[in-house]
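Visitor: Just passing along the structure, written as structure tokens.
The values are calculated or read from the model by the stated rules, or taken from the named source; none is laboratory data. Model, not experiment: these values are computed from the prediction. When we count neighbours, we look across all protein chains shown, and the Cβ atoms used for this are built from the backbone with ideal geometry, even at glycine.
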Amino acid sequence: MDHFLYRDGILHAEDVPLTEIAAAVGTPFYCYSTATLERHFRLFQDALAGMDHLVCFAIKSLSNQAVLRTLGNLGAGMDVVSGGEYRRAQAAGVPGERIVFSGVGKTREEMEYALSHGIRQFNVESAEELRVLSQVAASMGKRAPITLRVNPDVDAKTHEKIATGRKEDKFGVPIASARNIYAEAATLPGIEVVGIDVHIGSQLTDLAPFEAAFTKVADLTRELRADGHVIRRLDLGGGLGIPYTRSNETPPLPLDYGAMIQRVFGDLDVEIEIEPGRLIAGNAGILVASVIYLKEGEGRDFLILDAAMNDLIRPAMYGAHHDIIPVIEAVAATDQRPVDIVGPVCESGDTFAKQRAMPPLDAGDLVAFRSAGAYGAVMSSEYNTRPLIPEVLVKGDQYAVIRPRPSFDEIINRDRLPEWL
Ligand SMILES: *Cc1c(COP(=O)(O)O)cnc(C)c1O
């Protein structure tokens with residue numbers, strides 16, 4: 001459920017008509033709903049009630065500080081995957097003790113920065129990283145709290161590019177080697193073992209792969225404890241999928257996910273961390289664009305929008321589906337007809353949908369891409385020297401631009417001409 005609904009024939013974000021924002025801000029733009037973000041965060045809080053837990057929002061899915069502060073104010077922790085994201089979390093007011101640091105390629109600089117500004121734990125992904133982290137921490141007179149990310153070798157049955165828990169994926173250490181690496185960790189002067197981490201992929205639409213992975217983690221917890229390690233915290237990653245179409249998808253609910261977690265880990269006396277991104281942010285955001293032309297081709301019409309693949313890359317990159325709906329509601333009896341919905345960028349990959357049934361639309365009309373909150377704005381670029389599009393946050397009847405559209409001068413003046421030119 002989200003808070004983007006038609007009222008009096010106009011699509012609203014909470015209590016604000018999107019026509020109003022479009023007139024003030026111009027198109028295209030991203031628009032997020034505070035109520036939806038908060039609601040999704042609370043679904044996870046409720047799902048894990050009864051267990052000691054921390055819900056860490058995966059910043060990489062939607063990293064605007066206003067969103068981070070909205071969630072941080074509810075007590076959310078943050079999962080960061082770079083020094084930049086760490087700084088964003090801090091800028092949004094989230095204290096280090098609620099920040100976990102994931103990622104296969106942390107640099108010494110990133111480790112040092114996080115250690116000096118406060119960190120809940122590093123989710124370490126290799127023995128090599130563990131040794132470097134120990135050196136960095138020890139040289140600062142500190143011990144770095146760590147979990148080791150284990151790769152449980154389960155197939156998350158999701159898109160190739162976002163599956164992370166199979167043995168051929170680059171993430172984590174093979175679960176079979178974990179005991180050896182924990183044994184080494186116990187000897188390292190700059191390391192304090194606090195738990196285990198796992199994350200098997202994104203947009204999972206079935207609980208079975210999660211349960212298979214978590215069961216392996218529960219077994220490993222018992223083994224490591226028997227070996228004498230302190231395993232007091234389990235980070236279970238993110239990955240719960242969302243419905244991208246209104247009709248035929250029914251991914252598991254956070255409540256069922258939470259019940260499964262309680263079933264698998266309930267008797268272990270551990271603190272649970274989860275790192276949802278998409279499920280919190282995905283359906284809390286839309287992208288609003290205008291039609292530039294309806295181009296009539298031979299046997300095929302094209303709806304050419306002012307948004308393009310640089311603004312929302314998921315269709316081009318993952319073949320992802322986004323529902324695209326008119327901002328002015330189509331009259332119920334209107335005939336729909338198939339169109340290709342494309343952007344202005346100079347490559348054929350800049351196609352949002354092929355032969356999508358749409359009501360009649362013409363130049364100047366507004367459309368909204370649903371489910372664009374996660375992996376939308378964060379993956380955008382300035383390809384074709386198209387300015388990054390604004391982000392707008394709505395709360396009730398208020399809205400604010402939380403990232404303005406840069407001017408062309410700002411973009412062009414970032415280039416520097418060398419002396420010889
Ligand atoms: C991407 C990622 C997440 C978030 O995944 P979602 O599918 O957005 O929930 C969480 N943890 C790690 C380590 C990730 O890489």
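Visitor: I'm told Thr250 meets every condition in (1) touching a helix residue (DSSP H, G or I) at 6+ places or on another chain (Cβ under 8 Å); (2) at pLDDT below 95; (3) among the hydroxyl-bearing types (Ser, Thr, Tyr) except one. Can you identify the failing condition by its number?
Guide: (1)
Visitor: Residue under question is Gly165, and the condition is that it be within 13 Å of the ligand (Cβ to nearest atom), at positive phi and surrounded by 15 or more Cβ atoms within 10 Å (Cβ to Cβ); does it hold?
Guide: When the stated conditions are applied, Gly165 does not pass them.
Visitor: Could I ask something else about it? Could you run through the stretch 98-116 and say how many residues are in contact with a strand residue (DSSP E or B) (Cβ under 9 Å, 6 or more places away or on another chain) and either over 18 Å from Leu148 (Cα atoms) or buried (at least 17 other Cβ atoms within 10 Å of the Cβ) (or both)?
Guide: 11
Visitor: While we're on this one: Filter the stretch 170-189 down to residues that are within 14 Å of Ala144 (Cβ to Cβ) and assigned to a helix (DSSP H, G or I) and give me whichever is farthest from the ligand (Cβ to nearest atom).
Guide: Step by step, filter the stretch 170-189, then rank; the result is Ala186.
Visitor: Just checking, does the stretch 119-130 include any residue being hydroxyl-bearing (Ser, Thr, Tyr) and more than 28 Å from Ile242 (Cβ to Cβ)?
Guide: Yes; the residues of the stretch 119-130 include at least one that is hydroxyl-bearing (Ser, Thr, Tyr) and more than 28 Å from Ile242 (Cβ to Cβ).
Visitor: So which strands (runs of 3 or more DSSP E) are wholly in the stretch 190-295 and hold at least 3 residues that are crowded, with 24+ Cβ neighbours inside 10 Å and more than 16 Å from the chain's Cα centre (by Cα)?
Guide: It comes to 191-197.
Visitor: In the stretch 100-116, what count of residues is obtained for those that are in contact (Cβ under 8 Å) with a residue 24 or more places away in the chain and touching a helix residue (DSSP H, G or I) at 6+ places or on another chain (Cβ under 7 Å)? Don't jump to the end; show me each part of the working.
Guide: First, the residues of the stretch 100-116 that are in contact (Cβ under 8 Å) with a residue 24 or more places away in the chain: 100, 102, 104, 106-116.
Narrowing further to those that are touching a helix residue (DSSP H, G or I) at 6+ places or on another chain (Cβ under 7 Å): 106, 108-115.
Here the count works out to 9.
Visitor: Turning to a different aspect of this structure: In this structure, does Thr27 turn out to be under 27 Å from Asp311 (Cβ atoms) and outside the structural domain of Ala400 (by TED's automatic domain parsing)?
Guide: The answer is no for Thr27.
Visitor: Please state which one of Ile292, Ile274, Ile286 is within 30 Å of Pro390 (Cα to Cα) and within 16 Å of the ligand (Cβ to nearest atom).
Guide: Values: Ile292 fails: within 16 Å of the ligand (Cβ to nearest atom); Ile286 fails: within 16 Å of the ligand (Cβ to nearest atom).
Of the residues listed, the single one that is within 30 Å of Pro390 (Cα to Cα) and within 16 Å of the ligand (Cβ to nearest atom) is Ile274.
Visitor: Could you list, in sequence order, the residues of the stretch 21-42 that are buried (at least 20 other Cβ atoms within 10 Å of the Cβ) and within 17 Å of the chain's Cα centre (by Cα)?
Guide: Of everything in the stretch 21-42, those that are buried (at least 20 other Cβ atoms within 10 Å of the Cβ) and within 17 Å of the chain's Cα centre (by Cα) turn out to be Tyr30, Cys31, Tyr32, Ser33, Thr34, Thr36, Leu37, His40, Phe41.
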